[in-house]
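Worksheet for the structure shown next.
The values are calculated or read from the model by the stated rules, or taken from the named source; none is laboratory data. Just so we're clear, the structure is a prediction, and the values are computed from it rather than from any experiment. Note that each Cβ is placed from the backbone with ideal geometry, even for glycine, and that neighbours are counted across all protein chains shown.
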Amino acid sequence: YAFQHERYWLDPEELAAAAEDTVAPSGTEVPDPDTRFWGAVADEDLGSLAALLGIDGENGGAQERAAVEAALPVLASWLGRRRAAARVSHYRVGWTPVARRPDGTTARLRGIWLLTIPARIGADDALVTRLVSALGGAGADVRVVTVGAPGADSYDDLAAEVSSLTADGGELAGVVSLLGLVSADGPGDAREAAVGTLALLRALSGSAASVPVWSLTSGAVSTGGSERVSAPAQAVLWGLGRLLAEDSDVRWAGVVDVPAPCGDRVLRRLAEVLANPAEETEVAVRDAGVFARRLLRATGAADGPARPTALAPRGTLLVSGGSDTWRDRVARRLLASGAAHVLVATAPDEPEPAGTPGSAVAGVSRVVCDVSDGPALAHLAASLPAGPDGRPLTGVVHAPPVTASDGPLDKALDEVLGAGLPALAGVSSTAGPIALLLAVDVDDLVGAPGAGAVAALAGWWEAAARVRTADRAPVRLIAADPDALDLAVLDRAMERADGLLVVTGRDWAQYAGTHADTRGRRLLEGVPEARAALAAAAPAGDAGKSGLLAGVDGPESLRRVLAAREADHKLATLVELVRGQVAVVLGHASADAVSADGDFMDLGFASLTAVEFGHRLSAITGLKLPTTLVYDHLNPVELAEHLADELARELTAA
C-alpha cells in the first residue's frame, strides 16, 4: 500500500550516504551544460571538446587547442579515477545494542552446559570459577572439562564424556569454550586458539552435533570509545567463527567477548545471551549492555578524528604477499592512480614468475624481500634515496599468502597465521614513518560462504590494526575489491581513526538477497540496502522472529511451543510475538526496531494499522481479540501479559 513505509524516522547511515552521493562525481549525473564537456573528456574527443570551447579552428585559437590537446589525457585519466571512486563505497565495522529480554525477567538456562577450558588455565582459575557460578545461577548444570593440546587424549576423553551424557539420558544444552583465552599475541598463540577450537568441534561432531557451541574471548574486540583491544591474538576466533557459522558439522552458535577483567554483572548478561542469543553470532558483552557486530557506512565525520597520512605520492610503495598476479594488479593500479614508484616484492623462497609481470611498466620494479624480516626491510628502505629528489619507502601493502582451497583447514591456518604477525613485526621494527596496509578481500572480513582460512587471519589483523592505530602507529587493515586499491583509498585508510576501512562497489541488495539464509546475515543489517533486501527475502510475517518463535506459524504451533516452556520463557515468547507483529504491520525490517516497553502510540500506529495488527494477532494466537489492542494496552509487555492470561483461561476452560 502507498501508506506503508519501512521507517517513520530518518536513518543517520542513509543520510550520510545520501550526503556523500550529492558530492561524489558520477559521470553522466553531472547536470548540463557540463555533461557534454565531461563526456568529451571521458572519450578523449578533442574535436568535440574544441568545438564546445570555441577553439575548433574556425574561430582561431590554435594555441588554446594545442594546450587542450596536451592536457586532455591527464583530464581523462583524472575523470576516470573519480568515476571509478564514485562506484565504490566506504564502510566500517561498528556495534549496535542488542535488546535485553523484552519482559525484563532474568534469563534461565536449562540442561547441562559444558565449559571446556585449556589445561594452562585450570578449573580453579578466577574467571572459570565465577563463570561456573553465573551459569549455574541462571539454571545451568555446569560441567567443567579440561582439555590439553590439539591431538591429545583429552579430546578423545571429551568425546567419550559427551557420548556418556547423551547415552544416560542427560540433556546437553550447550557448550562454552574457553580454549581461545590465550594471553600472548604471537603466531603460536593465535594458532593454538584456532586449532584448539577446531579440535573441540571435531570431538563434538558426533552425538553433540546439534548442540550450540559458543567461543568466549576476553578483550579481543573494541566496541568503540576509549575501549582498547587487549588480546588481539584471540580475535582469530572472530574471523574463524565467521567461517564456521557458514561451514561446520557442528552447530556454531557464535563468539562472545567480555572485557578483561569483567565483573559479575557482565557474566550475568553473558548467561542471558546464551539463553536467548537472538540469532546473533558475534556479540560483545559489556557493563553498558550487549552489542552485536555490524557493517556500517564510513561517513568520516562520525568516525573519529582523522590521522595524517603516512604516504606521499613522490615516495615508493612496496607491494607484497598474495599471489604474483595480485601483486602485479595492485602495483599497476597504484601507479595509475599517482604513485611515483612501486616495488613488487618476491619472497626469497618464491620462484621467479614467468614473464616477470610489471617489469615492462615504467615505475614498477621487482625486488626480493621478505617483509617479515625486519633487518632486510630496513636495508631495503635504506637503499632507496631520500631527499627532495628521492623516492623513500613510505608504505607497504601486504596481503595474506595464497593457500590451497581444498586442503585441510588446520593446515591452511598454519600457513596464513604463521605469515600474519611477522609482517606486522617486520614493518614495525623498521625505522621511519613506513605505513603498513594489510589487505584482505571483503568476503574474508564479512565471512561469506566459501571464505577460507584467511577469514581467521582477517579477524586477527583487524584487532592488531586497531591496537596499533590506537598507539598512533601507521598500520591499517583494508578489506577491498582488488581493483579498488588505489592511492586515494590507501590515503583514506590511513586517515581512519579506528584502523579499518572496507572498500567495495558490490551491490549489497543483491548480495544480501542471495545470503538471506546464512548465519552471518545479521552483520549486513547495518547497510541500508542490505537490510531492505533481507527484509524482502524473509517469509511474510517473519520480521523480527527470534529463536523464541522458531516453529511458530499459527495457533497450534504457538500452543505447542508455549507448553514446552517454563513460565518466564512463555511470557518472553509472547512479548517477541507481539514485537514481531508490530514490526510487520509498521514495515520494520526486524523486531529490533520495536521497544518492548515503548508506548504503542509512540510507535507510529494509526487506525488502519491498529486494525491490521489486531487481525494478525487474532490469526496467529487463535484468540478472539479486539482491533483496539493498541489503545487498550500500553506497550508490548502489557499486551503479552494479557495474551498469557487469555491463553491460560482457555486452557482452564478446556
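So here's what we get for this one:
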{"read-out": "Unmet criterion (only one of (1) over 20 Å from residue 476 (Cα atoms); (2) of a type in the set (D, E, K, R); (3) modelled with pLDDT of 85 or more) for residue 327", "value": "(1)"}
{"read-out": "Residue in segment 89-107 that is nearest to residue 481 (Cα to Cα), counting only those that are modelled with pLDDT of 80 or more and surrounded by fewer than 19 Cβ atoms within 10 Å (Cβ to Cβ)", "value": "96"}
